[in-house]
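The values are calculated or read from the model by the stated rules, or taken from the named source; none is laboratory data. This one's a predicted model, so the numbers in the text were calculated from it and none came from an experiment. Neighbour counts are summed over all protein chains in view; Cβ atoms, including those assigned to glycine, are modelled from backbone coordinates with ideal geometry.
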């Protein structure tokens with residue numbers, strides 16, 4: 001999953017979402033990005049890809065349990081699930 005060019009994009013997304021305030025512009029009405037999450041549109045702009053492409057990567061990461069989603073009005077927002085990421089990291093450290 002992480003060794004192809006798309007995997008690199010997903011790694012970038014996970015890295016950026018560690019500190020979303022440093023990588024994405026602040027949004028006026030939705031508070032702290034670390035708490036509320038980032039939209040697919042913001043991720044797409046950062047990656048330089050269409051929104052649908054970014055949404056596909058975000059959806060995959062969500063289905064894997066690495067991101068949590070939250071609906072605010074008509075937008076889905078994404079943020080890291082640190083507990084699940086730590087669990088997956090431990091699995092890789094143990095060698096599956």
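Evaluate the following for residue 34: is it under 14 Å from the mean Cα position of the chain (by Cα), without any contact (Cβ under 8 Å) to a residue 24 or more places away in the chain and surrounded by 11 or more Cβ atoms within 10 Å (Cβ to Cβ)?
No.
Got at least one residue in segment 41-48 being buried (at least 20 other Cβ atoms within 10 Å of the Cβ) and without any contact (Cβ under 8 Å) to a residue 40 or more places away in the chain?
Within segment 41-48 (the criterion being buried (at least 20 other Cβ atoms within 10 Å of the Cβ) and without any contact (Cβ under 8 Å) to a residue 40 or more places away in the chain), the answer is yes, since at least one residue qualifies.
Filter segment 63-96 down to residues that are under 18 Å from residue 19 (Cα atoms) and either without any contact (Cβ under 8 Å) to a residue 24 or more places away in the chain or loosely packed, with under 12 Cβ neighbours inside 10 Å (or both) and give me whichever is nearest to the chain's Cα centre (by Cα).
81
Of all residues in segment 15-32, which are at pLDDT 75 or above and out of contact with any strand residue (DSSP E or B) (no Cβ under 7 Å at 6 or more places or on another chain)?
Within segment 15-32, 15, 16, 19, 21, 22, 23, 25 meet the criteria.
For residue 46, work out the one condition from (1) on the phi < 0 side of the Ramachandran plot; (2) modelled with pLDDT under 90 it doesn't fulfil.
Every listed condition holds for residue 46 apart from (2).
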